[in-house]
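Encoded as structure tokens, the structure appears first; notes follow it.
The values are calculated or read from the model by the stated rules, or taken from the named source; none is laboratory data. Model, not experiment: these values are computed from the prediction. Heads up, the Cβs are rebuilt from the backbone with ideal geometry, glycines too, and the neighbour counts pull from every protein chain shown. Please note that ligands, DNA and RNA were not included when accessible areas were found on the heavy atoms of the full protein model with its side chains. Shrake-Rupley method; radii C 1.70, N 1.55, O 1.52, S 1.80 Å.
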Amino acid sequence: MRFLGAPVPFDASDDDIRAAVDAADHVPLLVATAHLTGDLSILEPELAPDQLLLLDPTAGLTPELLSRGKELAAAALIAHRDAGCPAPPPPDEETILALINFVTGGVDDPQLLELIHEELALDEADHRAPRWRHDEVAPDRPFSVAIIGAGMSGIVAAHRLRQAGIDFTILEKDADVGGTWLDNIYPGCRVDVPNHFYSYSFAQSAEWPQFFSTQDVLLDYFRSCAEVFGLRPNIRFSTEVLSATWDDDAQQWVVRTLAAGADQDAGEVVEERYDAVLSAVGQLNQPSFPDIEGRDSFAGPSFHSARWRDDVELAGKRVAVIGTGASAAQFIPPVADEAAELLVFQRTAPWLIPTENYHDVLPDGVRWLLHHVPDYARWDRLWIFWRTQEGLLPCATIDPDWPPTEQSVSMMNEFIRQMLMEHLTAGFPEPDLLAAVVPDYPPLAKRFVRDNGIWARTLHRDDVHLITTGIERITPSGVVTADGVEHPVDVIIYGTGFQASRFLTPMQVTGRGGADLHEQWGGDARAYLGITVPNFPNLFLFYGPNTNIVVNGSIIYFSELEARYTVEAIGMLLRAGKRALDCRAEVHDAYNEEIDARNAEMAWSFSKVSSWYKAESGRSAQNWPFSLLEYWKRTLEPDPDDYVLT
Ligand code: NAP
């Protein structure tokens, strides 16, 4: 995987340039071209996106305006070629602001502008890098960190600690990096956030082959990052963390690990001390199996989507899939291609968001642009960021004047519902099938499933059967539904999701005065900013409670900000000459009240639909209910008053 570099000069023909421009997205194309060529005259005001129509694929621009934009971009690139592709001088602040204003319509909030610069990372600037180094702030104070997990969050955490000169070890249960992208190898697995945004701001790839890349490509990206940042020597692979215990006297964590193949009973557990522990284990890593009578009695092979069994031959078999969530929706079409017959057991229908280019490779024209106008990727990233900053949050918010129902929670929500209904009605013209696939909960109460029409095509196959009657039990030979019908199958695949609310399980985490993390949570995980928990000094959580997003942003964005906050907190500790920081209970509680109050106004809390967004108590322990900017503001730097420093 190659990261974005300098523009490569070109001598392409006029036609080739026009073809490239034709394949590109209007907004990033115009801005990237103006950026490269210095010709800001192409940013004509009427070609700017309509800020009220950001969710519209063309941002309110008519076909005439779109084609005028393309003509102007092509002419500017042709003139640039004719001038010998001079290397652009670094644009001054005023020019960058003009480019940003074209995308955003103008930004009043200086903090939002700062965030935009961070996301853009022009000239490969790494704005979120630590602003201090261990050897400068506390050269005589050794400090070591254990990072649990070498997935997307663990990699960014480690990179930031390395930049700050802090000693760290990553403890990873698997034999490689990648986390969720290593675990989920089911057919059809791909990201559902556009890739120019689903990547680190400080390591933007020049080579995404698709708009929404497949699992192997993402795994390759994270492997490359670990390689390029030199993290592998610090990773102990195939090592599971059993427990982390805070030693009140030494003010350190005692971390107990078990290497693969080692015997716990034979005393082969390794015990080490660290000054801080970063949990980067993710929310979606412990498979959840449904509590269905007789599940263990099934005589054939059965497995979970996150533990895919390549050794199980599906060809010629009658296969049952239980679940129709984000994972199942991705693997059901390829499984249908392979199996002799496929039975899809659906409890809750997913809302599908039409995404025409979901499976498409990047057109050659866009690849050409990424090579010769690499900042196209950065401006595309900003464009996606800008549209998802708030994204559909307002449409997920309950309008008090629109009494919420399981149909919709506001007029805007109803509008989204109608748009999604059009997609379903077009794909499922038969009333019976349509009734079976129309969700009975408000849109945005669960994450959308992206769809380019493949869901309807798959469910219309003669060898695929959608079963919506509840499952009563599983027998050695198949599945019995509540209507008494027995469905014989050879293989069962569980697309039944993860134990998301059981954060940090099965590890045992013991804090100050012997406090047990899971007991303290009582099945209802909470943390301050999703990162710190009172009584658990120097413990930092990544993708912790209430940092998941349903309708806006990307989890990578949150991990980057969590990494900055955590590293700055360690810097704060070292500068103060202290050993430990513990979040004040009142700060934590007030913050959680705010989160809960806001979450209560969201469709995902109101709706009775089953989802992984709720803990056993019914409270949403998963979701962040505010904008991306809000999380950025709150995590910009730790406030010493939020912590007791000892
Ligand atoms: P999920 O969204 O929790 O879906 C689980 C499915 O299993 C649901 O359809 C659920 O039905 C069904 N189910 C659970 N227990 C059942 C039972 N006893 N009987 C019948 N059906 C049952 O899990 P997931 O699909 O693995 O996705 C989890 C999350 O991972 C997603 O929301 C997303 O954030 C992430 N993800 C992302 C991608 C991507 O980026 N492309 C891909 C996959 C996953 P109910 O709805 O009725 O509970």
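With a Cα-only, solvent-free Debye model of the chain, what are the log10 I(q)/I(0) values at q = 0.06, 0.08, 0.09 Å⁻¹?
The Cα Debye sum returns log10 ratios of -0.35, -0.63, -0.81.
Dipole of the chain (Lys/Arg Cβ +1, Asp/Glu Cβ -1, origin at the Cα centre): which of 228, 376, 362 lies farthest to the positive side?
Farthest along the dipole direction, towards plus: 228.
Can you give the helix-only mean residue ellipticity at 222 nm for the chain, where every DSSP H stretch with n ≥ 4 adds -39500 (n - 2.57) and the sum goes over all residues, rounded to the nearest 500 deg cm²/dmol?
Values: 21 runs with 223 residues, N = 646.
It lands at -10500 deg cm²/dmol.
Please get the size of the charge dipole for the range 414-465, origin at its Cα centre, with Cβ charges of +1 on Lys and Arg and -1 on Asp and Glu, quoted in debye to the nearest 20. Walk me through the numbers on the way to the answer.
Values: 6 positive and 8 negative charges, 65 e Å.
My answer is approximately 320 debye.
Extending each Cα 7 Å along its Cβ direction at residue 245 and residue 273, get the distance between those two points in nm, one decimal.
Those two pseudo-labels are separated by 1.4 nm.
Ranked highest first by the average count of other Cβ atoms within 10 Å around their residues, in what order do 550-563, 69-82 fall? Don't skip to the answer; put the middle values down first.
Numbers: 550-563: 23.4, 69-82: 19.5.
The peptides rank, most packed first, as 550-563, 69-82.
Which FRET efficiency value, to the nearest 0.05, is calculated for residue 312 and residue 371 with the Förster distance at 35 angstrom and r the Cβ-Cβ distance? It would help to have the intermediate numbers written out before the result.
Numbers: r = 41 Å, r/R0 = 1.18.
For residue 312 and residue 371, the calculated efficiency is 0.25.
Please list 3J(HN,Hα) in residue order for the range 587-595, calculated via the Karplus relation 6.51 cos²θ - 1.76 cosθ + 1.60 where θ = phi - 60°; whole Hz, with x for glycine and proline.
So the Karplus estimates, Gly and Pro as x, are 5, 4, 5, 5, 4, 5, 4, 5, 4 Hz.
Work out the length of the dipole vector of the range 306-406 about its Cα centre, built from +1 on the beta-carbon of each Lys and Arg and -1 on the beta-carbon of each Asp and Glu, and round it to the nearest 20 debye. List each step's numbers first, then the result.
Values: 9 positive and 15 negative charges, 52 e Å.
Charge dipole, the range 306-406, about its Cα centre: 260 debye, nearest 20.
Sort 323-329, 615-621, 387-393 by packing, meaning the average of other beta carbons within 10 Å per residue, with the highest value first. Please report the intermediate quantities before stating the final value.
Numbers: 323-329: 23.0, 615-621: 18.6, 387-393: 21.0.
Highest mean packing first, the order is 323-329, 387-393, 615-621.
How many percent of the accessible area of the range 252-368 is carbon or sulfur, using a 1.4 Å probe? List each step's numbers first, then the result.
Values: 2240 of 5120 Å².
Using a 1.4 Å probe with all protein chains present, the range 252-368 comes out at 44 percent carbon and sulfur.
Let me spell out the model: positive unit charges on the Cβ of Lys and Arg, negative unit charges on the Cβ of Asp and Glu, origin at the Cα centre of the chain. What dipole size does that give, in debye rounded to 20? Working shown, then result.
On the way: 49 positive and 97 negative charges, 187 e Å.
Approximately 900 debye in magnitude.
List the lysines whose alpha-carbon lies under 18 Å from that of residue 608, not counting same-chain residues fewer than 8 positions away?
446
Enumerate the amide H contacts of residue 508 below 5 Å, restricted to partners 5 or more residues apart or on another chain; note that Pro and chain-start residues carry no placed amide H.
243, 244
Please report the net charge: other residues with Cβ closer than 11 Å to the Cβ of residue 325, K and R +1, D and E -1.
On the way: positive: 347, 446, 447; negative: none.
Around residue 325, the charge tally is +3.
Taking the highest mean first, how do the peptides 273-281, 501-509 order by number of other beta carbon atoms within 10 angstrom per residue? Don't jump to the answer; show the numbers that get you there.
On the way: 273-281: 23.7, 501-509: 19.4.
The densest-packed peptide leads the list: 273-281, 501-509.
Output ³J(HN,Hα) for the range 502-511: one whole-Hz value per residue in order, computed from phi by the Karplus curve 6.51 cos²θ - 1.76 cosθ + 1.60 with θ = phi - 60°, and x for Gly and Pro.
Karplus-based 3J(HN,Hα) across the range 502-511 equals 9, 3, 6, 7, x, 5, 9, 10, 10, x Hz.
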